[in-house]
Amino acid sequence: MKVALLLGAVGIALGFAAMGQGMASRPAPAYSVVERLSIGGEGGWDFIAVDEKRHRLYVSRGELVQVVDAESGKVIADIPGTHGVHGIAIAEEFGLGFTSNGRSNSVTVFDLETEAVVDTVEVTGSNPDAILYDPYSKHILTFNGKSSNVTAIDVRTRKVVGTLALPGKPEVAVSDGAGHVYVNIEDRNSLASIEMPRLALSAEWPLGKCDGPTGLAIDDDRKRLFSVCHSKEMVVVDARSGKLLQELPIGAEVDGAEFDPQLQLAFSSNGEGTMTVVNCTGPQGCGVVASVPTQSRARTLALDRSTHRIYLPTASFGPLPPATTAQPKPRAPMVAGSFVVLVLAPFTPRQ
């Protein structure tokens with residue numbers, strides 16, 4: 001079944017590539033949950049990342065990162081000591097991975113082949129959350145939520161080389177690979193543009209009616225940014241001018257966004273239990289084409305561009321306990337052993 005799905009995804013990709021300008025006449029592929037990888041383990045989670053070369057998933061789990069074989073669905077290693085880990089960035093050209101550790105204000109550096117920890121770097125801020133590798137500057141960037149700044153680390157030396165103050169609390173960031181990095185500013189409902197040659201803020205753009213921008217994705221070819229917001233909308237922005245191009249409806253409790261450049265599809269992962277699919281092949285811009293059922297609390301996602309598969313971590317939770325003096329805002333307990341990674345794959349709908 002895995003082989004058939006993979007071949008189907010490749011066929012879809014080849015079909016889209018072959019049609020060129022004629023893509024707008026063909027409907028977007030549909031998505032569905034095709035596997036549920038039972039990962040287990042204790043603790044919550046945040047971002048998930050894909051190593052496309054080695055077919056591995058990196059799942060943040062509070063005090064460690066679980067390394068999962070994407071083909072077998074088995075946990076093959078743990079990366080320990082990542083206290084309060086949020087995100088994982090991959091610098092393939094250096095064979096290194098990096099984690100942002102929110103509680104220890106540090107970055108853990110590990111070898112992509114062996115998963116062995118090779119270094120730890122202290123950041124110049126508080127609560128590093130999103131983390132990004134920028135191939136233009138060869139820098140790892142941590143976006144520090146509590147201190148509203150960015151730490152730049154040279155991958156070659158693994159030393160901090162700069163700090164940039166931001167106008168507000170940063171969320172997810174993306175790089176265009178050509179000297180520009182973009183980051184959502186959650187508490188200002190804006191999008192900031194950073195010039196990497198100078199590590200300087202070059203612009204801050206308002207995001208219209210967007211409230212609480214979190215996930216962010218980029219279409220490098222057409223210079224478009226896709227910012228997803230707690231106000232249940234995806235805002236499409238021109239990456240050159242900051243002009244707001246479109247506002248599209250998505251699901252509630254969103255946290256993540258991705259863009260598939262070959263299929264020209266944008267995605268948002270919505271904690272309400274859906275994934276919104278946006279087709280950008282039409283001449284009039286982008287449009288919502290599907291709301292795919294997933295599972296409650298599946299708020300973050302990662303795309304494997306080589307297979308077009310999408311991975312969403314989540315778990316099941318028990319009933320909310322009553323409030324007490326000691327715990328006035330209780331949280332529902334996670335059901336033991338229920339942590340999973342949902343695997344969504346494309347297929348061509350029947351005409």
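Tell me whether the range 192-304 comes out rounded, prolate or oblate; compute the Cα gyration tensor, take square roots of the eigenvalues as a ≥ b ≥ c, and use a/c under 1.5 as the rounded threshold.
prolate
For the range 131-146, just list the computed ³J(HN,Hα) in residue order, Karplus coefficients 6.51, -1.76 and 1.60, θ = phi - 60°, integers in Hz, with x standing in for Gly and Pro.
9, 8, 9, 9, x, 5, 8, 6, 10, 8, 10, 10, 10, 8, x, 7
Can you give me the % of accessible surface on the range 252-351 that is carbon or sulfur? Probe 1.4 Å, all protein chains present, nothing else counted.
Looking at the range 252-351 in its full context, I get 55 percent from C and S.
What are the ³J(HN,Hα) couplings of the range 73-80, residue after residue, when phi is run through the Karplus curve with 6.51, -1.76, 1.60 and θ = phi - 60°? Round to Hz, x for glycine and proline.
Each residue of the range 73-80 in turn: x, 9, 6, 10, 6, 10, 9, x Hz.
Going down the table (53/223; 53/159; 159/223; 74/159; 146/209; 159/243), which pairs top 29 Å between alpha carbons?
159/223; 74/159; 159/243, as the Cα separations exceed 29 Å there.
Residue by residue through the range 329-340, what is 3J(HN,Hα) from phi via Karplus (6.51 cos²θ - 1.76 cosθ + 1.60, θ = phi - 60°)? Round to whole Hz and write x for glycine and proline.
10, x, 10, 5, x, 6, 5, 4, x, 8, 5, 9
Could you tell me which residue out of 290, 229, 207 lies farthest along the dipole of the range 201-299 toward its positive end? Charges go on the beta carbon: Lys and Arg +1, Asp and Glu -1, centred on the Cα centre.
207
Could you tell me which of 81, 64, 32 has its Cα farthest along the dipole of the range 24-92 towards the positive end, charges placed at Cβ (Lys, Arg +1; Asp, Glu -1), taken about the Cα centre?
Towards the positive end, the residue furthest out is 32.
Give me the percent relative contact order of the range 95-149, please, defined on Cα pairs under 8 angstrom at least 6 residues apart.
28 percent
Would you mind getting the accessible area per residue of the range 222-351, heavy atoms of the protein chains only, 1.4 Å probe, in Å²?
Heavy-atom SASA per residue in the range 222-351 reads 43 Å².
Looking only at 254, 288, 172, which one moves most when the chain is put into a Gaussian network model with springs between Cα atoms under 10 Å?
Among 254, 288, 172, the largest GNM mean-square fluctuation belongs to 288.
How much length would be gained if the chain were fully extended between residue 187 and residue 243, taking 0.36 nm per residue of separation minus their Cα-Cα distance, in nm to one decimal?
Value of the extension gain: 18.2 nm.
Would you work out the relative contact order for the range 161-236, in percent, from Cα pairs under 8 angstrom that are 6 or more residues apart?
24 percent.
How much length, in nm to one decimal, is gained on full extension between residue 200 and residue 63, taken as 0.36 nm per residue of separation minus their Cα-Cα distance?
46.1 nm
The values are calculated or read from the model by the stated rules, or taken from the named source; none is laboratory data. Because the structure is predicted, anything quoted here is derived from the model rather than measured. FYI the Cβ positions are ideal-geometry reconstructions off the backbone, even for glycines, and counts take in every protein chain you see. For the accessible areas, the whole protein counts, side chains as well, though only heavy atoms, and no ligand, DNA or RNA atoms are used. Shrake-Rupley method; radii C 1.70, N 1.55, O 1.52, S 1.80 Å.
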